1. Going by what's in this entry, would L134 be described as over 19 Å from T71 (Cβ atoms) and in contact with a helix residue (DSSP H, G or I) (Cβ under 9 Å, 6 or more places away or on another chain)?
2. Restricting to the range 33-72, and then to whatever is polar (S, T, N, Q) and within 16 Å of the ligand (Cβ to nearest atom), can you tell me which residue is nearest to G111 (Cα to Cα)?
3. If a residue must be within 16 Å of the ligand (Cβ to nearest atom) and either assigned to a helix (DSSP H, G or I) or open to solvent by less than 30 Å² (accessible area, probe 1.4 Å) (or both), how many such residues does the range 208-234 contain?
4. Checking M270 against (1) open to solvent by 10 Å² or more (accessible area, probe 1.4 Å); (2) touching a residue at least 40 places away in the same chain (Cβ under 8 Å); (3) not aromatic (F, W, Y), which single condition isn't satisfied?
5. Within the range 171-201, which residues are in a loop (DSSP other than H, G, I, E, B) and away from the ligand (no atom under 14 Å from the Cβ)?
6. Can you tell me which residue in the range 54-95 is farthest from A199 (Cα to Cα), limited to those that are among the charged types (D, E, K, R) and touching a helix residue (DSSP H, G or I) at 6+ places or on another chain (Cβ under 8 Å)?
7. Return yes when E105 is in a loop (DSSP other than H, G, I, E, B), closer than 26 Å to R351 by Cβ and within 16 Å of the ligand (Cβ to nearest atom) and no when it is not.
8. Scan the range 126-168 residue by residue and report those that are away from the ligand (no atom under 16 Å from the Cβ), part of a loop (DSSP other than H, G, I, E, B) and either farther than 22 Å from T88 by Cα or hydroxyl-bearing (S, T, Y) (or both).
Amino acid sequence: MRVYFDNAATTPLDPDVMKEMYKVMENQFGNPSSIHAHGREARTLIERSRKTIAGLLHTSPAEIFFTSSGTEADNTAIRCGIIDHNITHAITSHTEHHAVLHTLEAMEKSGLIKLSFVNIDSKGTIDYDHLETLLKENERSFVSLMHANNEIGTLSDMERVGDLCETYNAIYHCDTVQTMGHYPHDLSKLKAHFLVCAAHKLHGPKGVGFLHINHKIKIKPFIYGGAQERNMRGGTENIYGIVGLAKSLELAYSEMGQHQSHIQGLKSYMMEQLTANVPGVSFNGETDADKSLYTVLNVSFPEMEMSDMLLFNLDIAGISASGGSACSSGSDIGSHVLTAIGASSSRPSVRFSFSKYNTKEEVDFVVAKVRELCAVNV
Ligand SMILES: Cc1ncc(COP(=O)(O)O)c(C=O)c1O
């Protein structure tokens, strides 16, 4: 048996998405910028996909801009949101994805902004009072706070952050890479200026995503070149990817409730089984189902010999998962997220992340293997 429990890293392509993409690969090769019939057919596919996505998210197609990845969408929002609006202060948290953290840190290093970090607690939850204090002290800040943490699953309250940003005239970017297609986002109500999506996190293809730019904010192009994406992002579009992205989001929305209860069931069952079978396990991040991304479970195991071999041993045992413990003092190897929440650096941590394709039998298999490995290595 081989088990894939690394769905926060990427998900397998849904066969229906593949079929849709394959049809395009087989039949459509036109450049969407060409004005002849081949080009027009390709253009129609892109605009139809944009309309599908906008419809699902309750927004206008004019606010959806296709990108090559979640990382590109994050970079675009941050760099353009800050530079084009003459922002000099940004607020983020130490648990953000590197697509956000490294971008903001590079901007701070080059003297473009002063960067503040909002306090978080030991579960990775934002201190909203501290966020308000930072916003009060720095009128017109740029705020970048993710919806769900990709390592520990802790969710932020987007409505609360949005209200605070509105009150203090801040620009709000939310990295929604881990939650798009997993929760119903109603963009007609959310107050975020920028939201992002990466298709490969929801059974779509790799190398394609989008940036949602709320109509209330304008930015200049991020990539200069041709007139693609209404002059905002030069470069011939990834037609197959865009069609696959729209199909994956459509499928995700049509089956969302069903998948959420199936995956949440697996996560709760795995927590129960690990607690019952592996003495000394604990869970990192928020564990309350309402405040935690249902696809992610981050587990700390008891101290053991050769703890840095745990992931390798799991791999050998047929389990694909990912992880990294908190950094020990003086080292910067390891998980910046676990370090930020103060997790122990001497205990190995593994992130198990689930999808609609996983089963209870797979959880049983993984728990049995983990139990064996922990018993051998104590
Ligand atoms: C929270 C978060 N943001 C951004 C990204 C980057 O997305 P991509 O892999 O499409 O560049 C990821 C991917 O792991 C992520 O989990």
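The values are calculated or read from the model by the stated rules, or taken from the named source; none is laboratory data. Remember, predicted model here, so these are calculated numbers, not experimental data. All Cβ positions, even for glycine, are placed from backbone atoms using ideal geometry, and neighbour counts span all protein chains on display. Ligands, DNA and RNA are stripped out before the accessible areas are found, and what is left, the full protein with its side chains, is counted by its heavy atoms. Shrake-Rupley method; radii C 1.70, N 1.55, O 1.52, S 1.80 Å.
1. no
2. Here is the first cut: in the range 33-72, the ones polar (S, T, N, Q) are 33-34, 44, 49, 52, 59-60, 67-69, 71.
Then keep just the ones that are within 16 Å of the ligand (Cβ to nearest atom); that gives 67-69, 71.
Details: T67: 27, S68: 28, S69: 27, T71: 22 Å.
Among those that are polar (S, T, N, Q) and within 16 Å of the ligand (Cβ to nearest atom), it is T71.
3. Matching residues across the range 208-234 total 5.
4. Condition (1) is where M270 drops out.
5. Let us first name the residues in the range 171-201 that are in a loop (DSSP other than H, G, I, E, B), namely 175-179, 181-182, 184-193.
Residues satisfying the conditions are P184, H185, D186, L187, S188, K189, L190, K191, A192, H193.
6. The selected residue is R79.
7. No.
8. D127, S141, D157, Y168
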